[in-house]
Amino acid sequence: MINCERAGIKRFVVAAPRDRYPAVAHAMGRFKDSDNVLMVESVAEVLKNQAARELGIGPLSPCVSFSGNLVFAKSHLARILDAHAADPKAVHRASSTDHDRGGEIATGPIGAILKTGGISNPTELAAPAASLLPFALNGRPEDREEAELRLAKSVREESAHKDAPMARWVDRRISWRISYWLASHTRATPNMVTVANTVFGLATAAMFAVPNYWVRLFAAIFFLISITIDGVDGELARLKMIESDFGGKLDVLTDNIVHAAVFVGLLVGCYRAGHSRAYLYLIPILLGGFTMCAYATWRAFKVKGAQAAIWLDAVDRWSGRDFAYLLVVLALINRLEYFAWGTAFGTYVFAFALIWITGRTESSMKVESLQQ
């Protein structure tokens, strides 16, 4: 119900035997007292129910139907809602990946879904390759642990469209395991993870300022670990369904603080190792470039239009965290000064390129809007 609410679904009909109403209402949490929730004994009686008619539910009302006790992620609900938006008169169905249990998500006009006591002429939506969800709980003792494990593994699917290559292929393979352990064995909150990882990241920034090969190499390795852990807070929030605007903003703010501190620490370390004052002059240049990147990214995320989601995913990939791998390689060959010079001026190249591309993207979206 929380996932549906976040997707914009406002009215709910829950079918259960009358003697189970109190237990079902308790399981609904804050939804149990909502005027937009209707409980019935049978789904078939929905169109005959006076309360349903008062809620504006009729044969042509768009509906999302869940059969079976399904565990699913937001991406699975989004797929079937996108299919409905493309063809709102048809019935679309996504079956549980464990086919022997019979659970499914369907969408379409409620009259068509209820026709002949089930789904009439549905269009089956194939699950993405290697998809682990939706998963139907059937009361087996092992179901809960299996569902939790599948949810944790599926967080990679949730962010795959906007992760940079190394983040997708390496970082997420590690971070989901950490997130799963924290969600199932601790009371840690996403914000706790954010704060702890920020302290760890700032410690690596201090290590970069030490003019010693091994200290700076370990600083690069620890920063890569910090980058991997950086994905855990968001994954943990999704697993526990406690995402918040504050948590998202805190994550972005602390990420920027750590990145700026690491870059400054790197320049200080280069100055102390080579005794060249040029690295001290690079500090304000780098901070200026970092500010330009922040502005360019902020402006990119203000883009509105039909293709805005695709554009924002691309910005996420371009501004990703894969540079941490390059940092480890350069620390290994003792050439961190290459990163220092490249970052100081490369930030301006990235910022101006992103501003220019954003302007072009906004113009093309306005033209498409006028044509429509």
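Which of the residues that make up region 12-34 are closer than 22 Å to PHE72 by Cβ, touching a residue at least 24 places away in the same chain (Cβ under 8 Å) and open to solvent by 40 Å² or more (accessible area, probe 1.4 Å)?
VAL13, ALA15
I'd like to check something: does region 40-51 contain any residue that is at pLDDT 85 or above and not small (Gly, Ala, Ser)?
yes
Given the conditions (1) in a loop (DSSP other than H, G, I, E, B); (2) open to solvent by less than 30 Å² (accessible area, probe 1.4 Å), and given that VAL46 satisfies all but one, which numbered condition is not satisfied?
Of everything listed in (1) in a loop (DSSP other than H, G, I, E, B); (2) open to solvent by less than 30 Å² (accessible area, probe 1.4 Å), VAL46 misses just condition (1).
Could you count how many residues in region 319-341 are outside any helix (DSSP H, G or I) and without any contact (Cβ under 8 Å) to a residue 12 or more places away in the chain?
Total meeting the criteria: 2.
Would you check which residues across region 272-294 are loosely packed, with under 15 Cβ neighbours inside 10 Å and under 21 Å from LEU253 (Cβ atoms) and list them?
Matches in region 272-294: GLY288, THR291.
Residue by residue through region 131-183, note down the ones that are modelled with pLDDT under 85, open to solvent by 10 Å² or more (accessible area, probe 1.4 Å) and either touching a Ser or Thr at 6+ places or on another chain (Cβ under 7 Å) or at positive phi (or both).
Hits for region 131-183 are SER131, LEU132, GLY139, GLU157, GLU158.
Per-residue answers, yes or no, for (1) surrounded by 15 or more Cβ atoms within 10 Å (Cβ to Cβ); (2) touching a helix residue (DSSP H, G or I) at 6+ places or on another chain (Cβ under 7 Å); (3) of a type in the set (Val, Ile, Thr):
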site	(1), (2), (3)
LYS10	no, no, no
GLU54	no, no, no
ALA73	yes, yes, no
LEU81	yes, no, no
GLU104	yes, no, no
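Can you spot a residue in region 212-225 that is crowded, with 19+ Cβ neighbours inside 10 Å, among the hydroxyl-bearing types (Ser, Thr, Tyr) and closer than 22 Å to ALA344 by Cα?
Within region 212-225 (the criterion being crowded, with 19+ Cβ neighbours inside 10 Å, among the hydroxyl-bearing types (Ser, Thr, Tyr) and closer than 22 Å to ALA344 by Cα), the answer is no, since none of the residues qualifies.
Out of VAL37, VAL91, report the one residue that is surrounded by 15 or more Cβ atoms within 10 Å (Cβ to Cβ), of a type in the set (A, V, I, L, M), under 21 Å from MET241 (Cβ atoms) and at pLDDT 85 or above.
VAL37
What number of residues within region 195-208 satisfy the criterion of being over 25 Å from LEU182 (Cβ atoms) and open to solvent by less than 20 Å² (accessible area, probe 1.4 Å)?
Matching residues across region 195-208 total 1.
The values are calculated or read from the model by the stated rules, or taken from the named source; none is laboratory data. All figures in this text were calculated on a predicted structure; none of them were measured in a lab. Here Cβ is always computed from backbone atoms with ideal geometry, including for glycine, and neighbour counts include all displayed protein chains. Quick note on the areas: whole protein, heavy atoms, side chains included, nothing else; ligands and nucleic acids left out. Shrake-Rupley method; radii C 1.70, N 1.55, O 1.52, S 1.80 Å.
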